[in-house]
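Input: a single structure, listed below in structure tokens.
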Amino acid sequence: GDSVTQMEGPVTLSEEAFLTINCTYTATGYPSLFWYVQYPGEGLQLLLKATKADDKGSNKGFEATYRKETTSFHLEKGSVQVSDSAVYFCALRAFAGNMLTFGGGTRLMVKP
Amino acid sequence: DGGITQSPKYLFRKEGQNVTLSCEQNLNHDAMYWYRQDPGQGLRLIYYSQIVNDFQKGDIAEGYSVSREKKESFPLTVTSAQKNPTAFYLCASSITSGRADEQYFGPGTRLTVT
């Protein structure tokens, strides 16, 4: 079945550091890929998405590129802020499916 | 403002009692979903509904029930048959259940059963 694997956290960075959160997936066909962010005590918000190979999703300084050859969708940001502290979830939706499959989440902590 | 509301934010129940979690959306979305989130884990799908009066089981439906009598409402009942009901429950909706459709999430309900 479909699955998403994320790097385990927590990831602790200093403000203005470069961020990478790894995400790899297993799915048949061509899934859509998503990154969601969850701030403490809240629901999830869509951060960015990509629907086909080589697409780059971007939002609020975050970027991720859909790499079919490596089945990856790594999240990057050039300079993190304290306000970026949250849990980040990678997810996929199969080509013929109608459900999201989530990774386990990666907690990011940014220190001033 | 359009969005998804879940109430209450915190819910406490005694073991053996059924409890119903509310989810309402005014986004005019056809599809609605219920997820369960446990500490340090990802989300797992409980039930989803693509249209009114229709719903399907997700990965962990045992011990849960839902109804979809109105487009804007998708309540979840946690029954006494659910062996480990304490968790954070998230409701979501999307325009349709299409491949690229974004899911919008509510703020969640934290259920504690003692």
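A few points about this structure:
- Scan of the range B:69-114 for residues that are hydroxyl-bearing (Ser, Thr, Tyr), within 14 Å of another protein chain (Cβ to nearest Cβ) and farther than 19 Å from B:Phe12 by Cβ, ordered by number: B:Ser93, B:Ser94, B:Thr96, B:Ser97, B:Tyr104
So that you can scan it fast, the table gives a plain yes or no per residue for (1) part of a strand (DSSP E or B); (2) modelled with pLDDT under 95; (3) closer than 14 Å to B:Gly42 by Cβ:
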{"site": "A:Gly29", "(1), (2), (3)": "no, yes, no"}
{"site": "A:Trp35", "(1), (2), (3)": "yes, no, yes"}
{"site": "A:Leu46", "(1), (2), (3)": "yes, yes, no"}
{"site": "A:Thr70", "(1), (2), (3)": "no, no, no"}
{"site": "A:Ser79", "(1), (2), (3)": "no, no, no"}
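- Candidate set: the range B:6-49, residues that are of a type in the set (Ser, Thr, Tyr) and within 25 Å of A:Arg107 (Cα to Cα); chosen: the one farthest from the other protein chains (Cβ to nearest Cβ): B:Tyr10
- Residue count for the range B:5-52 under the criterion of being open to solvent by 20 Å² or more (accessible area, probe 1.4 Å) and β-branched (Val, Ile, Thr): the result is 4.
Here is a yes/no grid of residues against (1) charged (D, E, K, R); (2) open to solvent by 10 Å² or more (accessible area, probe 1.4 Å); (3) more than 12 Å from chain B (Cβ to nearest Cβ); (4) on the phi < 0 side of the Ramachandran plot:
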{"site": "A:Val4", "(1), (2), (3), (4)": "no, yes, no, yes"}
{"site": "A:Glu8", "(1), (2), (3), (4)": "yes, yes, no, yes"}
{"site": "A:Leu13", "(1), (2), (3), (4)": "no, yes, yes, yes"}
{"site": "A:Tyr36", "(1), (2), (3), (4)": "no, no, no, yes"}
{"site": "A:Pro40", "(1), (2), (3), (4)": "no, yes, no, yes"}
{"site": "A:Phe62", "(1), (2), (3), (4)": "no, no, yes, yes"}
{"site": "A:Val80", "(1), (2), (3), (4)": "no, no, yes, yes"}
{"site": "A:Val87", "(1), (2), (3), (4)": "no, yes, no, yes"}
{"site": "A:Pro112", "(1), (2), (3), (4)": "no, yes, yes, yes"}
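- Residue check for A:Ser58: over 21 Å from B:Gly58 (Cβ atoms), more than 9 Å from chain B (Cβ to nearest Cβ), open to solvent by 10 Å² or more (accessible area, probe 1.4 Å) and outside any strand (DSSP E or B): no
The values are calculated or read from the model by the stated rules, or taken from the named source; none is laboratory data. None of these values were measured; they are calculated from a predicted model. Cβ atoms come from the backbone with ideal geometry, glycine included; neighbour counts cover every protein chain shown. What goes into the accessible areas is simple: the full protein's heavy atoms, side chains included, and nothing from ligands, DNA or RNA. Shrake-Rupley method; radii C 1.70, N 1.55, O 1.52, S 1.80 Å.
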